[in-house]
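Below: one structure, written as structure tokens.
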Amino acid sequence: MSNSNTAGQVIRCRAAVAWEAGKPLVIEEVEVAPPQTNEVRLKILYTSLCHTDVYFWEAKGQNPLFPRIYGHEAGGIVESVGEGVTDLKAGDHVLPVFTGECKDCAHCKSEESNMCDLLRINTDRGVMLSDGKSRFSIKGNPIYHFVGTSTFSEYTVVHVGCLAKINPLAPLDKVCVLSCGISTGLGATLNVAKPKKGSTVAVFGLGAVGLAAAEGARISGASRIIGVDLNSSRFEGAKKFGVTEFVNPKDHKKPVQEVIAELTNGGVDRSIECTGNVEAMISAFECAHDGWGVAVLVGVPHKEAVFKTHPVNFLNERTLKGTFFGNYKPRTDIPSVVEKYMNNELELEKFITHKVSFSEINKAFDYMLKGEGLRCIIHMEE
């Protein structure tokens with residue numbers, strides 16, 4: 001199964017444990033049990049912080065589950081594999097993904113869907129599927145998992161279906177950002193909106209996901225990429241991602257969809273919404289050009305949010321679509337996104353604005369809470 005001398009044994013290592021909601025993470029020594037059936041234990045080399053980690057760590061609107069090890073955007077190397085794992089071995093380079101691909105369910109067998117029945121994201125579950133137990137403990141007490149990845153630990157155990165095996169030459173400190181947010185935005189454009197060369201694209205929300213959507217539009221050869229954000233300080237930095245012009249809804253008395261329609265002679269060809277604000281979703285749809293315009297929703301709204309628009313907007317031949325993880329199947333598709341980076345088609349360095357050592361992980365939370373930068377890479381070995 002594995003040539004490493006730790007295979008089959010409990011590993012003691014450092015992990016950043018969230019003991020309670022909103023309180024700084026504490027670096028603790030944890031015990032990581034060996035992988036069970038269809039599981040893989042990996043050594044995390046780099047992880048980065050995504051807003052989803054912060055959202056569930058704050059636990060304002062969700063079921064609080066503590067103590068927990070957060071983290072889901074990461075890159076690592078397989079240490080050992082459990083029974084039944086055939087397509088990974090010790091030493092393989094992998095990106096863990098918060099959703100999965102079992103390859104057996106109706107979704108996995110469909111060419112259109114990436115929403116695996118077995119492994120799709122579950123933010124409430126804090127244990128492994130095979131036996132309903134955690135692989136992490138401190139002095140015999142379980143520490144819960146997060147979205148099946150828990151990458152804020154030097155070693156973690158993940159279901160084989162949630163690991164993308166990637167090119168071992170790819171630098172993990174760069175491509176780790178492809179395991180969540182960047183792929184989500186990029187795929188929303190490349191796989192769902194599919195703008196034609198020379199087309200106009202509007203992107204709502206210029207955080208990391210929105211800028212990845214803009215990067216997808218840049219790669220597609222869009223002639224105009226209009227960035228929409230309430231924070232004008234984001235505009236200058238967005239130019240590096242291909243954004244050509246900016247609209248701040250606060251600067252206008254009219255609804256932003258009308259402003260965009262005027263700028264574009266009736267609306268944009270493609271519109272991508274990356275905020276999760278339902279008003280922005282409606283604007284993103286209504287600013288799409290009649291006859292051919294397509295709007296894609298990426299942002300996750302509040303539970304009570306309701307999308308309201310006049311049905312005539314559909315009858316006038318606009319299309320509204322949604323996407324999950326950029327419509328990428330984790331195991332099948334993510335390796336090829338890594339190759340886009342390796343072939344210099346896709347730029348990742350510009351998404352990485354901060355770097356901290358593992359012992360300083362709370363700094364990464366501070367940056368995100370202050371809205372500073374895009375992605376902060378956490379180097380596990382420091």
What net charge is computed for the residues neighbouring S357, neighbours being all others with C-beta under 13 Å from the C-beta of S357, Lys and Arg scored +1, Asp and Glu -1? -2
So between E29 and D251, what do we pick up on full extension, going 0.36 nm a residue minus the alpha carbon distance? 74.8 nm
Could you check how much of the accessible area of the chain is carbon and sulfur, as a whole percent, using a 1.4 Å probe? 50
Filtered trypsin sites (Lys or Arg not before Pro), segment 1-75: DSSP coil and at most 13 other beta carbons within 10 Å: K60
For segment 104-202, which trypsin sites (Lys or Arg not before Pro) are both in a DSSP coil and crowded by at most 15 other Cβ atoms within 10 Å? R125, K133, K139, K196, K197
List the pairs from K194/K321; K23/K370; K194/K308; K194/K329 whose alpha-carbon separation is above 20 Å, in the order I gave them. K194/K308
Within the chain, percent of DSSP bridges classed antiparallel, to nearest 5: 55
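To the nearest 20 debye, what charge dipole does segment 3-155 have about its Cα centre, counting +1 at the Cβ of each Lys and Arg and -1 at the Cβ of each Asp and Glu? Walk me through the numbers before you get to the answer.
Working: 15 positive and 20 negative charges, 83 e Å.
For segment 3-155, the charge dipole is close to 400 debye.
Which GluC sites (Glu not before Pro) in segment 1-66 sit in a loop by DSSP (not H, G, I, E or B) and have at most 16 other Cβ atoms within 10 Å of their own Cβ? Could you put the intermediate results ahead of the total?
Details: sites: E20, E28, E29, E31, E39, E58; in loops: E20.
Passing sites in segment 1-66 are E20.
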Among A364, L348, W19, the residue whose Cα sits farthest towards the positive end of the charge dipole of the chain (+1 at Cβ of Lys and Arg, -1 at Cβ of Asp and Glu, taken about the Cα centre) is L348
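Net charge around I377, counting only other residues with Cβ within less than 10 Å of its Cβ (Lys, Arg = +1; Asp, Glu = -1)?
Numbers: positive: K174, K355, R375; negative: E73, D173.
Spelling it out: positives minus negatives among the neighbours equals +1.
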Less than 18 Å apart at the alpha-carbon level, and either on another chain or at least 8 residues along: which aspartates and glutamates does that give for K350? E73, D173, E215, E236, E339, E372
Cα lying deepest toward the dipole's positive end in the chain, options S179, G322, T6, charges on Cβ: G322
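Going highest first, how would you order 301-307, 74-80 by mean Cβ packing within 10 Å?
74-80, 301-307
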So, with points 7 Å from each Cα along the Cβ direction, the E111-N343 label distance in nm works out to 2.0
With just the Cα atoms defining each centre, how far is segment 87-123 from segment 354-372? Give it in Å. 29
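Working out 0.36 nm times the residue gap between V306 and E258, then minus their Cα-Cα distance, what length gain in nm do you get to one decimal? Let's see the in-between values first.
On the way: separation 48, 0.36 × 48 = 17.28 nm, distance 2.10 nm.
Going from the current span to full extension adds 15.2 nm.
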Size of the dipole of the chain about the Cα centre, Lys and Arg at +1 and Asp and Glu at -1 on the beta carbon, nothing else charged, in debye to 20? 180
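What is the magnitude of the charge dipole of segment 228-382 about its Cα centre, with +1 placed on the Cβ of each Lys and Arg, -1 on the Cβ of each Asp and Glu, and no other charges, expressed in debye to the nearest 20?
220
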Give the separation of the Cα centroids, segment 206-227 to segment 326-350, in Å. 15
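If DNA, RNA and ligands are ignored and the probe is 1.4 Å, what is the ranking of W57, W19 by accessible area, most exposed first? All intermediate terms of the calculation are to be shown ahead of the outcome.
Values: W57 20, W19 110 Å².
Heavy-atom accessible area, descending, gives W19, W57.
The values are calculated or read from the model by the stated rules, or taken from the named source; none is laboratory data. Computed from a predicted structure; not experimentally measured. Because the Cβ atoms are built from the backbone with ideal geometry, glycine has one as well, and the counts that use them run over all protein chains shown. Ligands, DNA and RNA are stripped out before the accessible areas are found, and what is left, the full protein with its side chains, is counted by its heavy atoms. Shrake-Rupley method; radii C 1.70, N 1.55, O 1.52, S 1.80 Å.
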